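Enquirer: One structure is given below, represented as structure tokens, and several questions about it will come after.
The values are calculated or read from the model by the stated rules, or taken from the named source; none is laboratory data. Keep in mind the model is a prediction, meaning the values are calculated, not measured. For neighbour counting, all protein chains shown are included, and Cβ atoms are generated from backbone atoms with ideal geometry for every residue, glycine included. Note: areas computed on protein heavy atoms with side chains; ligands, DNA, RNA excluded. Shrake-Rupley method; radii C 1.70, N 1.55, O 1.52, S 1.80 Å.
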4 protein chains.
Amino acid sequence: MSFNSCGRIFSVATFGESHGPAVGCVVDGCPALVPLAEEDIQPALDRRRPGGGPHVTARNEPDRVRILSGVVDGKTTGHPICLLIENTDQRSKDYAALERLYRPGHADATYWAKYGIHDIRGGGRSSARETAARVAAGAVAKKALAQFAETADIRVRAGLISLGTACAGAAAWDDGAVDANPFFCPDAGAVEAMRREMEAAVADGDSLGGVVEARVDGLPAGLGEPLHDKLDARVAQMCMGLNAAKGVEIGDGFAAARARGSANNDPMRRPGSGRFEDAFASNHAGGVLGGISTGQRLVVRVALKPTPSIATPQKTVTRDLENADIAVSGRHDPAVAVRAVPVVEAMLWLILADFHLLHRARKNPR
Amino acid sequence: MSFNSCGRIFSVATFGESHGPAVGCVVDGCPALVPLAEEDIQPALDRRRPGGGPHVTARNEPDRVRILSGVVDGKTTGHPICLLIENTDQRSKDYAALERLYRPGHADATYWAKYGIHDIRGGGRSSARETAARVAAGAVAKKALAQFAETADIRVRAGLISLGTACAGAAAWDDGAVDANPFFCPDAGAVEAMRREMEAAVADGDSLGGVVEARVDGLPAGLGEPLHDKLDARVAQMCMGLNAAKGVEIGDGFAAARARGSANNDPMRRPGSGRFEDAFASNHAGGVLGGISTGQRLVVRVALKPTPSIATPQKTVTRDLENADIAVSGRHDPAVAVRAVPVVEAMLWLILADFHLLHRARKNPR
Amino acid sequence: MSFNSCGRIFSVATFGESHGPAVGCVVDGCPALVPLAEEDIQPALDRRRPGGGPHVTARNEPDRVRILSGVVDGKTTGHPICLLIENTDQRSKDYAALERLYRPGHADATYWAKYGIHDIRGGGRSSARETAARVAAGAVAKKALAQFAETADIRVRAGLISLGTACAGAAAWDDGAVDANPFFCPDAGAVEAMRREMEAAVADGDSLGGVVEARVDGLPAGLGEPLHDKLDARVAQMCMGLNAAKGVEIGDGFAAARARGSANNDPMRRPGSGRFEDAFASNHAGGVLGGISTGQRLVVRVALKPTPSIATPQKTVTRDLENADIAVSGRHDPAVAVRAVPVVEAMLWLILADFHLLHRARKNPR
Amino acid sequence: MSFNSCGRIFSVATFGESHGPAVGCVVDGCPALVPLAEEDIQPALDRRRPGGGPHVTARNEPDRVRILSGVVDGKTTGHPICLLIENTDQRSKDYAALERLYRPGHADATYWAKYGIHDIRGGGRSSARETAARVAAGAVAKKALAQFAETADIRVRAGLISLGTACAGAAAWDDGAVDANPFFCPDAGAVEAMRREMEAAVADGDSLGGVVEARVDGLPAGLGEPLHDKLDARVAQMCMGLNAAKGVEIGDGFAAARARGSANNDPMRRPGSGRFEDAFASNHAGGVLGGISTGQRLVVRVALKPTPSIATPQKTVTRDLENADIAVSGRHDPAVAVRAVPVVEAMLWLILADFHLLHRARKNPR
């Protein structure tokens, strides 16, 4: 029950700071006999890693993952899997000037208030670099789910559906588009607008927020536990726990609050397939009823605020509460929402692996 | 680590079904020596209880709470506090006709899929009646926080800021208004529009969604733990875990995703008071940075879907997946969002009590 | 993760004091569709209940259990099962004289030191009466295990193998004898010696300790998780957590520390049955290797100290640390070890139910 | 809530196998501002490390610890502390011959039964080498406790009080003796007998068990939580979770079961010091009443079975359950009990750190 871990059975504890020797995680609770090698994890890390393009931080981390434990002969043993990613491209001197200033929108002020100490270099523990460890763990979860017949067909895909005021079309989701543009945008038609918005922000020494949508298909019905471990509650927790997240929606989300029941309820009709999951005639619910997966598509949206580090001068105070101006140099993503796309996917893999194992524990006594 | 419990130190496990003998909870981890009597809890239950007005279910439950353990001589002993609320006004025959039908928008379908058994009467465990137990526990949390100097001044207030399409004015929040209208609306000027919207929906055999906003003042800085137990992550989890919740926002929420960093960052200025919490010049963050309270107002919004039970006939299927029509009679709130107001408050008291105790555990070693 | 709960999946949280309105528990995590009625639980309570014979407390509690939730149509629903046992025969005036004295050997001194408040009546929360709730929960665990093919044949039997200096013969265990004498002694030949020892202690205004042994047969191999949740580690935790417990052994226990490896290792031979579990030629290990069940008999011994409440005057201090004499009247078991027998059985049922569900969660991915 | 972690606030998750690249742990929940460097941890590792003398395994591991996270400027930050110890002296070829055999007394059989896969080299995860990580974590716990006034004076000392049939005198405990002999024996007068017993066992190709006693002084009263997290229950869990442990006692332990209440109860007398902790006239309880520390010396004994790896041929079976003979070569401690001494100390530091933080969370609301 450590503070930095998630999951009841498939659990992950992360560690590491932006400018320390390494970030990593311990995956505990993975079933045995899951085929696993570093090459299974590396592609997910490559997808989120910095240095990948014009619209992300210039910090260049190879993000090579090493498996330190829990795997023998190419298979998991059922014991803790330690994944280690060494940091190589720290430039801590970028931060020397900031040591006594609270960067607006950052965790500096609250970390100092809470802990009385803060590793200012790269934001220390509050850096989005921590999410590399989560992405690595997510790749293990994905492999684990592939081993079970009920979950082998799960597909998780996320995309950036808005960047600042540039929005993808709601009906224009194309899985193939996501990795074909530097924004992970599922709508090729919106990419140009995103690019313009990004370039304008960068030119102004400013940053952008965005919304990530994730879609999960192939889910079995029945995942999710009561109350605080409802499927949607856990999704909300883990997505709101991401750096810069300010909102989470399931299905119609906030729009459902403006609807009437007759429009928002999803009617059911006899499915030609005879499969329960095919009985729903619509999916306003986003794949969850009563906190449990219906077997329809799970739909999640996460709002991410603009990167707080901006070159434009801002008003702030020192740790002694004296007035100061600050312009945050260093190497930052102009929009953390972009690289949040693979991270949201990882959150979903982690959640689903855990809920699948929890569900297996109790189902079908006879 | 039971499924139906929340909290790491101040923990609450609820039990009970809509039409069983009782609902209740066990509060474990409350500090000793907190003054506590049934009269401290009853007002919170009275505020959310059914039978209270024209716009909530006609089910009339007195919702009298009994303290079965953990209190002696009017003070908590540090041991588990069992709170019991007996059900008295069940009308289970209302449900006989529904036994083989999935009610659209309800948990019936997923509960059957997951458990292979479902207490259909009143929705069984999936009923919002379970929240009575949470509200009772929230009242204990509030009393506990009042015992500590750092948290004695915390004020939690929630209100209904939209009902269907009727919205309170953003700047029109008046604490005094909330309990002066049957919608818990903080804007007296919006009450009439809400009433009209509600009456129209009822006349149409339909239901409404709504948005609850909660504001917490008097918070100390420093509450919230890393990653998945960030203050905002836990708020998201527990609010999304409420019946009918579909979205959660902190501070500017989804609007922050459309903003630029220069507008969204909250600047800081030397506070006249010399208090850290007063240094922020705005509060787009909603009182949380890096998952930790800043000491500013905590602002949370929860989107609740329309009550799924509606009198209007709907298309559905039987448990054998045969087509059927359904019109849900019984006694239902036309908008569960209304009675969610005191429940959201309770969630916040529970979260804050737990995080305060967690924070105390580690702070100020010297 | 409440303080008073155990189990990761099959979890139990107890509540209640000796002289409060009730004791009880919430069983959360029980699979759905387990047949369960109050009559399944009552016999276990009857076996441990006070008022049952000459060698236990004269307090006469009917210990009637009520199921308040989690069961419909005679089957569990997968939701929390609240079990309530009302207290009826409190005689709190017995305790008035003791209010300012620390009873030697009791938790009074430490409860006051820790909590600053203590429900002195019957020991409040520290009373062995709390174990009634655990025994009720154990009966549910037993029913749950009976639903799974792999665990349906598990048999848990405990007995009192020593009372003071009167010992059962190691080779004389007879299951049938256990319930045929008031000491739950598995060796009929030792009963007379136990009776004499007990009567002498009572005549002297004194009390006795004892050792409970438990044997579990029909266990599948593979139960138990790594490190701190090894099967034997959890057994040690939950048995040491019983009132008056001072020691726990598995298999040869402390005797193994005096043995050589060649004598203590259990050799293996090709089993005629072809069953792995039959391959062991001896069982010094007591059914556990590496924290995981071998499928052989699980053997556990728990040492219980003498009942601290004795009529003989003792030296003690008041809460102001002034000298005083004390003679503890009230109605007490002369040897808590006797009634610990069904409680140790309950602990094992709870542990095995939880470990079985945990093991199911991850096993056989393909 | 990972399987391989312990602690509710000060928590430790370990990872790593005997012959993998590394063993290590993540310490989460340590307070911030605790001075910590690798040199604070290394001495504890040096004390338990192999290669240290004639009576332990010849495997020579430098056991150099690296701090990978959670420390900046020589102080903890309140974030996860990853400690890494690389394995350097693996000789895996020793194990090739054993791959298809179950070594008697080892976890091979149960690991194969549970997981269907097993890292046979050095016992993989079941190796006592895992305890290096726990010892490193224990050193952090010790440093953390030193930061708090109430716990700064805690002293934890363990010693080997019996090796096979050679026993230390009960009254002969000398702290200074422990590190002055290769057995960690607190009685210099017993060392020669231990040496003879050890040499005879080695000459016979055999191994020995032993008993470790630990004594904790300077404890504040009030540590320990209810039921399953009683101080003694947690001690029992974590000590029984050690490799080769078969029994745990607190205070008089099993001897208390043969005593009468009048002899076993610890009387209290007005303390000259005015300190509650000095009021006890004896300490049969071993420092715990009702699961909570009294402030007296905490006394724990752990029984460890003989090392299962012995050179003497033994009867066993193959993984196909065919008969075979086995003689376990490789480099093994003739008595794992010896090196368990620093590990038991580490367990106590971990437990006390966690309970101290838990107790702080709730105490003294006013």
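Table: residues versus (1) farther than 21 Å from residue C:253 by Cα; (2) of a type in the set (A, V, I, L, M, F, W, C); (3) part of a loop (DSSP other than H, G, I, E, B).
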| site | (1), (2), (3) |
| --- | --- |
| D:302 | no, yes, no |
| D:306 | no, no, yes |
| D:311 | yes, yes, yes |
| D:329 | yes, no, yes |
| D:338 | no, yes, no |
| D:346 | yes, yes, no |
| D:352 | yes, yes, no |
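Enquirer: In this structure, does residue A:329 turn out to be at the interface with another protein chain (Cβ under 8 Å from one of its Cβ atoms) and touching a residue at least 60 places away in the same chain (Cβ under 8 Å)?
Expert: Details: at the interface with another protein chain (Cβ under 8 Å from one of its Cβ atoms): no; touching a residue at least 60 places away in the same chain (Cβ under 8 Å): yes.
The answer is no for residue A:329.
Every residue, every condition in (1) open to solvent by 30 Å² or more (accessible area, probe 1.4 Å); (2) part of a strand (DSSP E or B); (3) of a type in the set (A, V, I, L, M, F, W, C), yes or no:
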{"residue": "C:83", "(1), (2), (3)": "no, yes, yes"}
{"residue": "C:103", "(1), (2), (3)": "no, no, no"}
{"residue": "C:118", "(1), (2), (3)": "no, no, no"}
{"residue": "C:123", "(1), (2), (3)": "no, no, no"}
{"residue": "C:136", "(1), (2), (3)": "no, no, yes"}
{"residue": "C:141", "(1), (2), (3)": "no, no, yes"}
{"residue": "C:148", "(1), (2), (3)": "no, no, yes"}
{"residue": "C:153", "(1), (2), (3)": "yes, no, no"}
{"residue": "C:157", "(1), (2), (3)": "yes, yes, no"}
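Enquirer: Additional query: Taking region A:105-116 on its own, how many of its residues are assigned to a loop (DSSP other than H, G, I, E, B), among the small types (Gly, Ala, Ser) and open to solvent by 20 Å² or more (accessible area, probe 1.4 Å)? First the steps, then the outcome.
Expert: The initial filter retains those residues of region A:105-116 that are assigned to a loop (DSSP other than H, G, I, E, B), namely A:105-107, A:116.
Narrowing the set further to residues that are among the small types (Gly, Ala, Ser) leaves A:105, A:107, A:116.
Those still in the list that are open to solvent by 20 Å² or more (accessible area, probe 1.4 Å) too: A:116.
Going through region A:105-116 one residue at a time, the tally reaches 1.
Enquirer: So residue C:95 ticks every box in (1) open to solvent by 30 Å² or more (accessible area, probe 1.4 Å); (2) modelled with pLDDT under 95; (3) in a helix (DSSP H, G or I) but one. Which box is left unticked?
Expert: (1)
This table checks each residue for (1) more than 24 Å from residue D:111 (Cα to Cα); (2) open to solvent by less than 10 Å² (accessible area, probe 1.4 Å); (3) at pLDDT below 95.
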{"site": "C:249", "(1), (2), (3)": "no, no, no"}
{"site": "C:315", "(1), (2), (3)": "yes, no, no"}
{"site": "C:345", "(1), (2), (3)": "yes, no, no"}
{"site": "C:354", "(1), (2), (3)": "no, yes, no"}
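Enquirer: Still on this structure, please answer the following. What are the pairs, 6+ residues apart or on separate chains, where a residue within region D:222-242 that is on the phi > 0 side of the Ramachandran plot has its Cβ under 6 Å from a residue that is open to solvent by 10 Å² or more (accessible area, probe 1.4 Å)?
Expert: D:222/C:113; D:222/C:114; D:222/D:359; D:224/D:230
Enquirer: With the condition kept exactly as written, say whether any residue in region D:271-285 is open to solvent by 10 Å² or more (accessible area, probe 1.4 Å), more than 7 Å from chain C (Cβ to nearest Cβ) and in contact (Cβ under 8 Å) with a residue 40 or more places away in the chain.
Expert: Yes: one or more hits.
Enquirer: Could you tell me whether residue B:270 is assigned to a strand (DSSP E or B) and touching an Asp or Glu at 6+ places or on another chain (Cβ under 7 Å)? Break it down stepwise before answering.
Expert: On the way: assigned to a strand (DSSP E or B): no; touching an Asp or Glu at 6+ places or on another chain (Cβ under 7 Å): yes.
No: the conditions fail for residue B:270.
Enquirer: Taking region B:234-257, which residues are facing chain A (nearest Cβ under 7 Å) and under 12 Å from residue A:245 (Cα atoms)?
Expert: Listed by number, the residues that qualify are B:236, B:248, B:249, B:250, B:251, B:252, B:253, B:254, B:256, B:257.
Enquirer: Can you give me the number of residues within region C:258-270 that are in contact with a strand residue (DSSP E or B) (Cβ under 9 Å, 6 or more places away or on another chain) and either modelled with pLDDT under 95 or more than 7 Å from chain D (Cβ to nearest Cβ) (or both)?
Expert: 0
Enquirer: Also, quick follow-up: Would you mind telling me which numbered condition in (1) buried (at least 24 other Cβ atoms within 10 Å of the Cβ); (2) on the phi < 0 side of the Ramachandran plot; (3) out of contact with any strand residue (DSSP E or B) (no Cβ under 6 Å at 6 or more places or on another chain) residue B:291 fails?
Expert: (2)
Enquirer: Restricting to region C:212-233, count the residues that are open to solvent by 10 Å² or more (accessible area, probe 1.4 Å) and either under 17 Å from residue D:286 (Cβ atoms) or more than 7 Å from chain D (Cβ to nearest Cβ) (or both).
Expert: Selection size over region C:212-233: 5.
Enquirer: Which ones in region B:179-218 are under 30 Å from residue A:344 (Cα atoms) and assigned to a loop (DSSP other than H, G, I, E, B)?
Expert: Of the residues in region B:179-218, the ones under 30 Å from residue A:344 (Cα atoms) are B:209-216.
Matches in region B:179-218: B:209 only.
Enquirer: So residue A:242 ticks every box in (1) in contact with a Gly (Cβ under 8 Å, 6 or more places away or on another chain); (2) of a type in the set (A, V, I, L, M, F, W, C); (3) under 30 Å from residue A:107 (Cβ atoms) but one. Which box is left unticked?
Expert: (1)
Enquirer: Considering D:15, D:3, which residue is at pLDDT below 95 and hydrophobic (A, V, I, L, M, F, W, C)? Give the steps one after another, and end with the answer.
Expert: Details: D:15 fails: at pLDDT below 95.
Unique residue meeting the criteria: D:3.
Enquirer: Does residue C:207 fit the bill of being under 30 Å from residue D:287 (Cβ atoms) and facing chain D (nearest Cβ under 8 Å)?
Expert: yes
Enquirer: Can you tell me which condition residue D:162 does not meet? The list is (1) more than 18 Å from residue D:238 (Cβ to Cβ); (2) more than 10 Å from chain C (Cβ to nearest Cβ); (3) not in a loop (DSSP other than H, G, I, E, B), and all the others hold.
Expert: In the conditions (1) more than 18 Å from residue D:238 (Cβ to Cβ); (2) more than 10 Å from chain C (Cβ to nearest Cβ); (3) not in a loop (DSSP other than H, G, I, E, B), residue D:162 misses (2) alone.
Enquirer: Does region D:39-61 contain any residue that is in a strand (DSSP E or B), aliphatic (A, V, I, L, M), modelled with pLDDT of 95 or more and open to solvent by less than 10 Å² (accessible area, probe 1.4 Å)? First the steps, then the outcome.
Expert: The initial filter retains those residues of region D:39-61 that are in a strand (DSSP E or B), namely none.
No, the conditions are met nowhere in region D:39-61.
Enquirer: Filter region B:164-185 down to residues that are open to solvent by less than 60 Å² (accessible area, probe 1.4 Å), out of contact with any His (no Cβ under 9 Å at 6 or more places or on another chain) and touching a residue at least 40 places away in the same chain (Cβ under 8 Å) and give me whichever is nearest to residue A:252 (Cα to Cα). It would help to see each step written out before you state the result.
Expert: Just the residues of region B:164-185 that are open to solvent by less than 60 Å² (accessible area, probe 1.4 Å), to begin with: B:164, B:166, B:168-169, B:172-173, B:176-178, B:181-185.
Subsequent filtering for residues that are out of contact with any His (no Cβ under 9 Å at 6 or more places or on another chain) retains B:164, B:166, B:168-169, B:172-173, B:176-178, B:181, B:184-185.
With the extra rule that they be touching a residue at least 40 places away in the same chain (Cβ under 8 Å), the set shrinks to B:164, B:173, B:178, B:184.
Numbers: B:164: 14, B:173: 27, B:178: 27, B:184: 24 Å.
Residue satisfying both the conditions and the ranking: B:164.
Enquirer: Still on this structure: Return yes or no: is residue D:70 in contact with a Phe, Trp or Tyr (Cβ under 9 Å, 6 or more places away or on another chain), open to solvent by less than 10 Å² (accessible area, probe 1.4 Å), at pLDDT 95 or above and not basic (Lys, Arg)?
Expert: Values: in contact with a Phe, Trp or Tyr (Cβ under 9 Å, 6 or more places away or on another chain): yes; open to solvent by less than 10 Å² (accessible area, probe 1.4 Å): yes; at pLDDT 95 or above: yes; not basic (Lys, Arg): yes.
The answer is yes for residue D:70.
Enquirer: What is the number of the single condition among (1) more than 16 Å from residue B:102 (Cβ to Cβ); (2) within 7 Å of chain B (Cβ to nearest Cβ); (3) open to solvent by 10 Å² or more (accessible area, probe 1.4 Å) that residue A:301 does not meet?
Expert: (2) is the only condition that residue A:301 fails.
Enquirer: Another question, then. Quickly run through region C:251-270 and pick out the residues that are charged (D, E, K, R) and open to solvent by less than 20 Å² (accessible area, probe 1.4 Å). Full working, then the answer.
Expert: First, pick out the residues of region C:251-270 that are charged (D, E, K, R): C:252, C:258, C:260, C:266, C:269-270.
The one that is charged (D, E, K, R) and open to solvent by less than 20 Å² (accessible area, probe 1.4 Å): C:266.
Enquirer: Additional query: Within the set of pairs 6 or more residues apart or between chains, which connect a residue that is closer than 20 Å to residue A:117 by Cβ and away from every other protein chain (no Cβ under 14 Å) inside region D:23-50 to a residue that is in a loop (DSSP other than H, G, I, E, B) and open to solvent by 10 Å² or more (accessible area, probe 1.4 Å) with Cβ atoms less than 8 Å apart?
Expert: D:37/D:74
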